[in-house]
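Some notes on the structure that comes next.
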Amino acid sequence: MRKSDYWTPAPRRSLLDAMQTTDSIVRAGGHDFLLAFYKALRSVKLYPSENDQVQKAIQTLGGLADALCVTEGQLEVRIAGEYIHINTVRLRFDLDNYAVFFHVLATLRRCGIGTLTFSPGVEHAEWQSLLSHLVAFSEREGMPDLSGLWDRLAQDGVTHLALLPPSEHDAPLADSRQAKEVAKRTYEQCIAVTRDVMTAVRQGRTISVKKVKRAVQTTVDQVAKNEQAIVGMTTVREWDELGAIHAANVCILSIAIGKRIGLTKLRLYDLGFTALLHDLGKSRIPVDVLEQAESGNDEHRAASESHPWQGVLGLFGLRGYGAIPYRGMIVSYEHHLRPDLSGFPLTLEPRRLSLYSRIVAVANHYDAGTSHYGLNRRPDELLQELVKDGEGAYDPAIVKAFINLMGLYPVGTCVILDTYDVGIVHAPSADPTQLDRPVVRVLCTADGERSNPGRLVDLTMRDEAGHFEHSILKTTDPADYSIVPYDYFI
Ligand SMILES: [Fe+2]
């Protein structure tokens, strides 16, 4: 036998190994670098430049950047959609580092930066100049001013650094109005296909799954690219006979939770599909029975509580799925069960609830509890209850992911600030240590003056003395101030 008959060429294999090793070094180093970048930005924002904490943060950051430059000759930080790439490696974000990613991403975007390239040997003073200008330019109102930022850096003698705007392909949606329009179309599409499916089941027709899958895929893409706008849509909690609005909300919230815990896109498609159809079984129960169950009729409540297993039967009627949607059936069956198997349907055999069921249960509980036709609870109260219940009734890891998504004052909550201004929560805080300090849209001043669309106030902002400029005094019922939260999201 000749050597070439059995010999695997070693060089290709070792090249691949080397590439994989380099990628994993860059990935680990990239995570550390981003965390250090985030800490340095925060230090520069909070303290004067000569402060020890600022100096130490810059030293750490410089050391990590130098190490990455040694590995690959230079360090490139590039934004692509909702991701950050370090050189050619896309960094993964998960529950623990999402806020860091979000803050760095938002800061670079507000400055109009798509790519930031560092050559080896960035000086301490260059870091100081970059960080302080990034903080200042990111806080400016209006359009990003990349050339203005570049001028400032040049005046400070920064030479080891290049800035580029985002490429067209990598650019986020141009403005919040466009983001809102796209999110609204996705939301409407989700509701429309759910209505079609529910109606088809009621009429005993075959369900076409293609449209449902397309709607779910668009929703997953929107959660990836445009999360704030699409999650804002779930503040619509109106009643509709077929429950399609509730289904769309549960679908969006479940996908956003799934993203937080690091599910892949394919798994998010799967999760979204099961979430959108979690209440399909209700379509097999007469509408008047469902309505009377809500008003406390025991017999009808028992019929209504059969919807989890009715959903399993309904899902057998799907055509075009490619395979029997087992995961959808499991979620339909389990979404009212708790980890200790309380809830319904009555389950005697021990079982561990599936991950998708545990996610959908939290999203379902939140949306049903805060809906106007349901319990109409205040979002923050319901969330606090979820945290307490998280010790038994809900998976604590999922509840944690949900709070990370919504903040302690979920989007759409009506709040009174310590200045007696009234507003609604527009977005959660980007800082995981300040989840009680969201961004609030002030709609009504202490003097009773109203404004539309109001001004956005970031509750993490501090004054020169280091005190928070605004804080939440308490939550309130938006109806008392004639505020309809979803008006500001759709
Ligand atoms: Fe249900």
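Order 112-118, 150-156 from most to least packed using the mean count of other Cβ atoms within 10 Å.
Working: 112-118: 19.7, 150-156: 14.6.
Ranked by mean Cβ neighbours within 10 Å, highest first: 112-118, 150-156.
Rule-of-thumb check for the range 16-164: C-alpha Rg over 2.2 N^0.38 Å?
Numbers: Rg = 14.7 Å, N = 149, 2.2 N^0.38 = 14.7 Å.
Normalised Cα radius of gyration, the range 16-164: 1.00.
Just add up the charged neighbours of Phe273: K/R +1, D/E -1, any other residue whose Cβ is under 9 Å from the Cβ of Phe273. Present the calculation step by step, with values, prior to reporting the outcome.
On the way: positive: Lys213, Arg327; negative: Asp270.
For residues surrounding Phe273, the net value is +1.
First select every other residue whose beta carbon is under 15 angstrom from the beta carbon of Thr475; then total the charges, Lys and Arg +1, Asp and Glu -1. Write down the numbers at each step before the final one.
Working: positive: Arg377, Arg378, Arg437, Arg441, Lys474; negative: Asp380, Glu381, Glu385, Asp418, Asp421, Asp436, Asp477, Asp480.
Local net charge: -3.
Over the range 246-359, calculate the relative contact order: mean separation of alpha carbon pairs under 8 Å at least 6 apart, over the residue count, as a percent.
On the way: 145 pairs, mean separation 27.2, N = 114.
Relative contact order comes out at 24 percent.
Relative to the longest principal axis of the chain, what angle (0 to 90°, nearest 10) does the C-alpha long axis of helix 396-406 take?
Taking the Cα atoms of the chain, the angle to 396-406 is about 70 degrees.
Given H placed 1.01 Å from N in the peptide plane, which residues other than close sequence neighbours of Leu161 have an amide H under 5 Å from its amide H?
Long-range HN contacts for Leu161: Ser119.
Suppose every Lys and Arg Cβ carries +1 and every Asp and Glu Cβ carries -1, with no other charges. What dipole size does the chain come out with about its Cα centre, to the nearest 20 debye? Show your work: numbers first, answer last.
Details: 52 positive and 61 negative charges, 436 e Å.
Its charge dipole is roughly 2100 debye.
Grab every C-alpha pair in the range 233-282, bin the distances at 5 angstrom width from 0 up to the longest one, and report whole percents.
Each 5 Å bin holds this share of Cα pairs: 5, 23, 28, 21, 14, 7, 2.
Going through the cross-link list Lys211/Lys259; Lys282/Lys474; Lys210/Lys400; Lys56/Lys225; Lys56/Lys400, which pairs have a Cα-Cα distance over 29 Å in this structure? Intermediate values should be presented prior to the final figure.
Working: Lys211/Lys259 22 Å; Lys282/Lys474 37 Å; Lys210/Lys400 33 Å; Lys56/Lys225 34 Å; Lys56/Lys400 32 Å.
Result: Lys282/Lys474; Lys210/Lys400; Lys56/Lys225; Lys56/Lys400 exceed 29 Å.
Percentage of Cα-Cα pair distances in the range 414-488 greater than 13 Å, rounded to whole percent?
Working: 1775 of 2775 pairs.
That fraction is 64 percent.
Report relative contact order for the range 208-313 in percent, whole number only (criteria: Cα-Cα under 8 Å, sequence separation at least 6).
Values: 105 pairs, mean separation 24.7, N = 106.
Relative contact order for the range 208-313 comes out at 23 percent.
If you take all C-alpha pairs in the range 219-355, what percent of them are over 24 Å apart?
Details: 3253 of 9316 pairs.
Summing the P(r) of the range 219-355 above 24 Å gives 35 percent of all pairs.
Expressed as an acute angle from 0 to 90° and rounded to the nearest 10, what is the orientation of the C-alpha long axis of helix 176-202 relative to the principal long axis of the chain?
30
For the chain, build the charge dipole from Cβ charges (+1 Lys, Arg; -1 Asp, Glu) around the Cα centre, then report which of Ala465, Ala80, Tyr366 sits farthest towards its positive end.
My answer, from the dipole projection, is Ala80.
Determine the gain in length on full extension of the stretch Arg110-Asp480; use 0.36 nm per residue of separation and subtract their C-alpha separation, reporting nm with one decimal. Please list the in-between numbers first.
Numbers: separation 370, 0.36 × 370 = 133.20 nm, distance 3.54 nm.
Working it through step by step, the gained length comes to 129.7 nm.
Quick one: what Rg and Dmax do you get for the range 364-429 from the alpha carbons, in Å?
Rg, Dmax (Cα atoms, Å): 12.5, 38.
Within 10 Å, count the other beta carbons around each residue, average over each peptide in 441-451, 410-420, and list them highest first. Intermediate results must be reported in sequence, preceding the final value.
Details: 441-451: 14.5, 410-420: 20.1.
Answer by packing, highest mean first, reads 410-420, 441-451.
For the chain, what does the relative contact order come out to in percent, with C-alpha contacts under 8 Å and a separation of six or more? Present the calculation step by step, with values, prior to reporting the outcome.
Values: 775 pairs, mean separation 50.0, N = 490.
That works out to 10 percent.
Return the long-range amide H neighbours of Ser429 (sequence gap of 5 or more, or a different chain), with a cut-off of under 5 Å between placed amide H atoms.
The list, which skips near neighbours in sequence, is Arg437, Val439.
For Ala192 and Gln178, compute 0.36 nm times the residue count separating them, minus their Cα-Cα distance, and round to one decimal in nm. Intermediate values should be presented prior to the final figure.
Values: separation 14, 0.36 × 14 = 5.04 nm, distance 2.11 nm.
Gain on stretching Ala192 to Gln178: 2.9 nm.
Hey, any idea what Rg/Rh is for the chain, computing Rh the Kirkwood way over Cα pairs? Don't jump to the answer; show the numbers that get you there.
Details: Rg = 25.4 Å, Rh = 24.8 Å.
That ratio equals 1.02.
Rank-order 186-195, 308-317, 329-338 by packing density, defined as the average count of other C-beta atoms within 10 Å over each peptide's residues, highest first. Please list the in-between numbers first.
Working: 186-195: 21.4, 308-317: 19.2, 329-338: 23.2.
So the peptides 186-195, 308-317, 329-338, ranked by packing, come out 329-338, 186-195, 308-317.
Residue separation times 0.36 nm, minus the C-alpha to C-alpha distance between Tyr47 and Ala154: what's the value?
Details: separation 107, 0.36 × 107 = 38.52 nm, distance 2.38 nm.
Net length gain for the segment: 36.1 nm.
Within a Cβ distance under 14 Å of Gly343, other residues only, what is the Lys/Arg minus Asp/Glu net charge?
Details: positive: Arg301, Arg338, Arg351, Arg358; negative: Glu305, Glu334, Asp340, Asp389, Asp395.
Taking every Cβ under 14 Å from that of Gly343, the sum is -1.
Taking the Cα atoms only, what angle lies between the long axis of helix 52-72 and the longest principal axis of the chain, rounded to 10 degrees?
90
Relative to 2.2 N^0.38 Å, what does the C-alpha radius of gyration of the range 176-405 come to as a ratio? Two decimals please. Kindly include the intermediate steps, with their values, before the conclusion.
Working: Rg = 16.4 Å, N = 230, 2.2 N^0.38 = 17.4 Å.
With N residues counted in the range 176-405, Rg over 2.2 N^0.38 Å equals 0.94.
Values quoted throughout were computed directly from the atomic coordinates according to the rules given, and no laboratory measurement underlies them. Here the structure is a predicted model, which is why all the values come from computation and not from measurement. Positions of Cβ are generated from backbone atoms using ideal geometry, with glycine treated the same way; all protein chains shown enter the neighbour counts.
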